[in-house]
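Below you'll find the structure, written out as C-alpha cells, and then a few comments.
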Amino acid sequence: MQLAEFDDDSEHGGVSATERAAAASRSTWVSVVVNLVLTVVQITAGVMSRSQALVADGIHSLSDLVADFVVLLASHHSRKDADEDHPYGHQRFENAASLVLGALLMAVGGGMLWSAVGKLQQPESVPEVHVLALWVAGGALVAKELLFRYMLSVATRVKSSMLVANAWHARSDAASSLVVGVGIIGNLCGYPILDPIAALVVGLMVGRMGWQFGWDALHDLMDRSADEVEVAAIHKTLAETPGVIGVHDVRTRKMGDLIVVDAHLEVDAQLTVERGHDIAVEAQRRVLQRHRVLNLMTHVDPWRRPDLDHRSDAPTTP
C-alpha cells in the first residue's frame, strides 16, 4: 500500500489548497457520522450478544472517530498562509496528523491484543455469542467498505496523502469486520474460542497498519524526497525550458502533500545576469504549474564551465 503515489500531471497537479481543505472536511464529516453510528451499534450489540470480537471492532470504530477529528484539525491548520515563523506554510501539519493517526492505531491494536490474549488464556470463560452479532458484523462490513471507496476517491482526486491514510484506516475497519464475522460464525458453529481469536487478528491488523502510517509520516517529517518518477518528471520540465541547456542536482523534500525543490540550471555562459534570471523564473513557473511543487529554488550555472559548488577548494563566503 502506498500512501502518496499519484499520477503527476497538470490536470491533478493544480488542485488548490482551498479545494483540498474542502474535500477533506466534507469526506471526514461523512466518516464521522458513519463511525459514530457504527461505534454505538457495534459496542451495544457486542455486549448484548457477548461477542468480544464485535466489541473490539466497535472500539476500532471509536478510534476512527478520534482519527477523523485529528484530520479535521490538521486540515484546518495546514491551509493557513505562510507567516514569519513558517515561511513555507503549514502543510507539514498533515504529516504530523498522519503520524498521530499511526500512533493511535498502534495503541488501539495493542489494547485489542492485550484483551484477546487474556481471553485465550482462559478459553473456558469464552461464552457462545448470539446470532445478532453476525448481522451487525455483516452490516458494519458493508458500511466500512463503502466508506473506504468514497474516501479514497476523494483523496485521489485532491492528491492528499493524509486523506489516503484516513481512507485506508476505513479499509482496515472493513477487513477487521470480515475477520470478526468469520470468528462469530465459528463461535456459532460450536467453536467459541474463534471469537477471541478473531479479536486477536483484528488487533494485529490495526497495529500493523498503524506502524505503516507512522513510519511513512516520520520519514516525510525528516525531509524524505519525492519518488523517482516524480523527480524525473520535474527534471524533464526543467530541461525543456527554453534557454536551459542542462540540469543537475535536483533535490526534493516533502512538505505535506506538496514538494519543495532545489535545482541547478545550466545556461549559456555569455548571457547577461538578467537573461539568466528570466530563464530561471520561466523554469519555476513551468514547474509550479505542472507539478505538486510548493516552491522551486534555482541556482544558475554557466554551461560547460567548472561548477565551483562541487570543488573542494571552492571559495567560501565569510
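The values are calculated or read from the model by the stated rules, or taken from the named source; none is laboratory data. What you see is a predicted model; the values in this text were computed from it and never measured. Heads up, the Cβs are rebuilt from the backbone with ideal geometry, glycines too, and the neighbour counts pull from every protein chain shown. The protein model used for the area step is the full one, side chains on, heavy atoms only, and it has no ligands, DNA or RNA in it. Shrake-Rupley method; radii C 1.70, N 1.55, O 1.52, S 1.80 Å.
For region 103-131: of the residues being polar (S, T, N, Q) and part of a loop (DSSP other than H, G, I, E, B), which is nearest to Met48 (Cα to Cα)?
Checked region 103-131; the qualifying residue nearest to Met48 (Cα to Cα) is Gln122.
Out of the residues in region 1-54 that are modelled with pLDDT of 70 or more and part of a loop (DSSP other than H, G, I, E, B), which is farthest from Arg290 (Cα to Cα)?
Arg50
So that you can scan it fast, the table gives a plain yes or no per residue for (1) more than 20 Å from the chain's Cα centre (by Cα); (2) modelled with pLDDT of 85 or more; (3) part of a helix (DSSP H, G or I):
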| site | (1), (2), (3) |
| --- | --- |
| Leu146 | no, yes, yes |
| Trp168 | no, no, yes |
| Ser177 | yes, no, yes |
| Val182 | yes, yes, yes |
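Which of (1) at pLDDT 80 or above; (2) surrounded by fewer than 19 Cβ atoms within 10 Å (Cβ to Cβ); (3) touching a Ser or Thr at 6+ places or on another chain (Cβ under 9 Å) does Gly58 not meet, given it meets every other one?
Of (1) at pLDDT 80 or above; (2) surrounded by fewer than 19 Cβ atoms within 10 Å (Cβ to Cβ); (3) touching a Ser or Thr at 6+ places or on another chain (Cβ under 9 Å), only one is false for Gly58: (2).
Only one residue in Ala198, Ala174, Ala155, Ala133 is of a type outside the set (Asp, Glu) and within 17 Å of Val34 (Cα to Cα). Which one?
Within the list Ala198, Ala174, Ala155, Ala133, the selection yields Ala174.
What number of residues within region 168-207 are in contact (Cβ under 8 Å) with a residue 40 or more places away in the chain, under 16 Å from Ala67 (Cα atoms) and not polar (S, T, N, Q)?
Residues that pass the stated criteria total 6.
Please list, ordered by first then second residue, the pairs with beta carbon atoms under 8 Å, 6 or more apart or interchain, first in region 44-58 and farther than 16 Å from Gly186 by Cα, second surrounded by 23 or more Cβ atoms within 10 Å (Cβ to Cβ) and of a type in the set (D, E, K, R).
Listed pairs, sorted by first residue: Asp57/Asp173.
Output the number of the condition that Glu84 fails; it satisfies all remaining conditions of (1) closer than 27 Å to Trp211 by Cα; (2) at pLDDT 70 or above; (3) not hydrophobic (A, V, I, L, M, F, W, C).
Failing condition for Glu84: (1).
Can you tell me which residue among Leu65, Leu72 is surrounded by fewer than 19 Cβ atoms within 10 Å (Cβ to Cβ), modelled with pLDDT of 75 or more and closer than 19 Å to Ala23 by Cα?
Leu65
Tally the residues that are of a type in the set (Val, Ile, Thr), open to solvent by 60 Å² or more (accessible area, probe 1.4 Å) and within 17 Å of Asp195 (Cβ to Cβ), restricting the search to region 118-152.
Total meeting the criteria: 1.
Hey, Phe213 hits all of (1) surrounded by 18 or more Cβ atoms within 10 Å (Cβ to Cβ); (2) more than 25 Å from Val34 (Cα to Cα) but one; which does it fall short on?
Only one criterion in (1) surrounded by 18 or more Cβ atoms within 10 Å (Cβ to Cβ); (2) more than 25 Å from Val34 (Cα to Cα) is unmet by Phe213, namely (2).
Which count do you get for residues in region 171-186 that are open to solvent by 40 Å² or more (accessible area, probe 1.4 Å) and not charged (D, E, K, R)?
Number of matching residues: 3.
Condition first: in contact (Cβ under 8 Å) with a residue 60 or more places away in the chain, over 30 Å from Leu271 (Cβ atoms), outside any loop (DSSP other than H, G, I, E, B) and open to solvent by less than 10 Å² (accessible area, probe 1.4 Å). Can you find one or more residues in region 218-234 that meet it?
no
Looking only at residues that are under 13 Å from Ala133 (Cα atoms) and open to solvent by less than 10 Å² (accessible area, probe 1.4 Å) in region 187-197, which one is nearest to the chain's Cα centre (by Cα)?
Result: Asp195.
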